[in-house]
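Working notes for the structure below.
None of the figures in this text is laboratory data; all of them are computed from the coordinates on show. Keep in mind the model is a prediction, meaning the values are calculated, not measured. Here Cβ is always computed from backbone atoms with ideal geometry, including for glycine, and neighbour counts include all displayed protein chains.
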Amino acid sequence: MKIIKLFPGILLSVGVAALACRLESLLPIHLIGSAVIAMFIGMLLNHFLKRTALFADGLKFTSKKILKFAIILLGLSLNITTILHVGKMSLTVMLFTLLTCFGGGYFIGKALGLNWKLSNLISAGTGICGGSAIAAIAPTIDADDNDVAYAMSATFLFDMAMIVLFPIMGRALGMTDEAFGIWAGTAVNDTSSVVATGYAFSEGAGDFATMVKLTRTLAIIPTVITFAFIQLRLKRKEALANSQNSDNLKASFRIQKIFPWFILGFVAMSCITSIFSIPATVVSGSKAVSKFLMVCALSAIGLNTSFSSMKKAGIRPMIHGFIISALVVVVALLVEIAMGIV
C-alpha cells in the first residue's frame, strides 16, 4: 500500500523531468541544463498547484532515494585511471580552487549571515561540479529543499555568464587550448557549462576541459564523507545540549547511521569501469540514465520549493555565489600563471 502512495509524486517528477529534457533539446545553444529547467518548472507548479498530500511521499522518495541512486550510477562514467592521468596537470589548480571555495566560503557565509548548510552547498557547487555536488551533499547534511534550490540558482546564474565571457577572456589573454581547458575545467561549475565553455574556445580546449572537470567530480567522495562527520558531530552536540543522559545519546549517534553509504556505490562503479572493459554503449547509457534520474530528483526538489520561501533568504546567497565564483576564476588563473601553464 505504501508503494502505491509513491506513484503520484514519482510520476509527476518524471513528467516534469521529461518536459525539461525536451525543452533543453529545443534550445539552439546550450545555455541552461535540463536539471535547472526541471527545478524551475517544479517551483512554478508548486506556486500554482499548491502541493497536496497526494504527491508528498513520492516527491520525498524521488528527491532522496532516486537522487542517491543517480549519484551511484554516475560513477560508471568516471574511469579513475584515465581521469587521474589527465588530472596530474590540473591537480594543483584544483587544490587551490577547492581551498578558496570552502575556506573563503566559510568566512563569506558567516559575514553574510547564511546558515552553514546553504553556504557550503554553494561552495560545493562552485568548487566541485555544480548540481551533482549539491545533489550529493544535500542528503548527507539533511539540507532543506529551499537551500538546494537557492544553491543551484546561485551556481547556474554564474555559469550563464561564464559561457559567454570565458572564451572572450581566454582569447584576450592569448591562452593555449591546454591552458584554457584547465582554466575552464577548474573554474566553471556545472559539467554541461564546462563542455559548452570549452568547445566555444576550440575543440582541443573542450576535450581537455571535459577531462579536467571529470577529475573535479572525484572530489565528491572525500567532500561528502567530510560533511557526514561534520553533520554527526553537530547532531551529537545539539542532542547533548538538550538531554541529561549523555551516555545513551553518545551511543545512539554512530557514524554507521549517518555515513553516506551511497558514495561507496559511486566509488564501486568507478572502480568497475576502471578495472573492467565496459562497452562504450553501456557507459554512455548509464550516464544518460543517471542524468535523467538526477533531473527527476531536481524536479521533485523544485516541486517541494516555493518562491516565497526562497524570497525570505534575500539576495545574500546570490552575493555569496558571485563572490566565491569570481575568486575561483581569479585564483585558478593566478595558479596557472605561477605554474607557467598560461
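Here are the numbers:
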read-out: Sequence-distant aspartates and glutamates (8 or more away, or on other chains) whose Cα lies within less than 19 Å of Lys237; value: Asp142, Asp247
read-out: Peptide ranges 53-61, 177-185, 296-304, 325-333 listed from the most packed, as the mean C-beta count within 10 angstrom indicates; value: 296-304, 177-185, 325-333, 53-61
read-out: Which listed pairs, of Lys235/Lys311; Lys235/Lys291; Lys60/Lys235; Lys2/Lys68, have C-alpha distances above 24 Å, in listed order; value: Lys235/Lys311; Lys235/Lys291
read-out: From the C-alpha gyration tensor of the stretch 131-196, square roots of 5λ in Å; value: 29, 12, 7
read-out: Two-decimal Rg to Rh for the chain - Kirkwood Rh, Cα set; value: 0.97
read-out: Burial ranking of peptide ranges 121-132, 140-151 (average Cβ count within 10 Å, highest at the top); value: 121-132, 140-151
read-out: GNM flexibility winner over the chain from Thr176, Thr281, Thr210 (Cα, springs under 10 Å); value: Thr281
read-out: Cross-link reach list, aspartates and glutamates versus Lys287, counting only Cα pairs under 19 Å and skipping chain neighbours closer than eight places; value: Glu24, Asp190, Asp207
read-out: Between helix 262-275 and the chain: long-axis angle, C-alpha atoms, 0 to 90°, nearest 10; value: 40
read-out: Cα long-axis angle, helix 191-201 against the chain (0 to 90 degrees, to the nearest 10); value: 20
read-out: Rounded to 10°, Cα long-axis angle of helix 316-339 versus longest principal axis of the chain; value: 30
